[in-house]
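Have a look at the structure below before the remarks.
Please treat every number below as a calculation from the coordinates, not as lab data. Nothing here was measured: the structure is a model prediction, and the numbers come from that model. Glycine gets a Cβ as well: all are built from the backbone with ideal geometry, and neighbour counts include every protein chain shown.
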Amino acid sequence: MSQDRDPNQGEGDRISARRYDYVEREPEDAVKAEERAKRGPSGTRVSVDELVAKGHNVIERIRPVVDRMVGNIRSRFGRK
């Protein structure tokens with residue numbers, strides 16, 4: 001069996017060795033990349049013009065946020 005086709009690289013795992021070498025050479029970059037990965041994907045910001053161009057109404061986008069905020073305020077101050 002050819003080693004080129006075998007996904008199991010055994011003890012001489014070249015792919016993992018390259019990753020490890022990167023971490024050893026660039027520890028600051030590796031730490032920054034890890035912190036970015038822990039934060040998860042960032043939200044996308046869309047301009048009003050982009051929303052309108054896509055056929056969305058600004059109020060449709062904002063209404064769920066406003067409803068959630070009103071619910072939080074009402075529950076915090078005990079009003080129904």
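Between K32 and M69, with labels modelled 7 Å along Cα→Cβ, what's the label distance in nm to one decimal, could you check?
3.4 nm
Could you tally the net charge around L51, taking each other residue with its Cβ under 14 Å from the Cβ of L51, Lys/Arg +1 and Asp/Glu -1?
Within the 14 Å Cβ shell, the charges total +1.
Once the piece of chain linking V23 and T44 is laid out straight, how much longer is it, given 0.36 nm per residue of separation minus the C-alpha distance between them?
Working it through step by step, the gained length comes to 4.6 nm.
Take R14 and L51, extend 7 Å from each Cα along the Cα→Cβ direction, and tell me the distance between the two endpoints in nm.
5.1 nm
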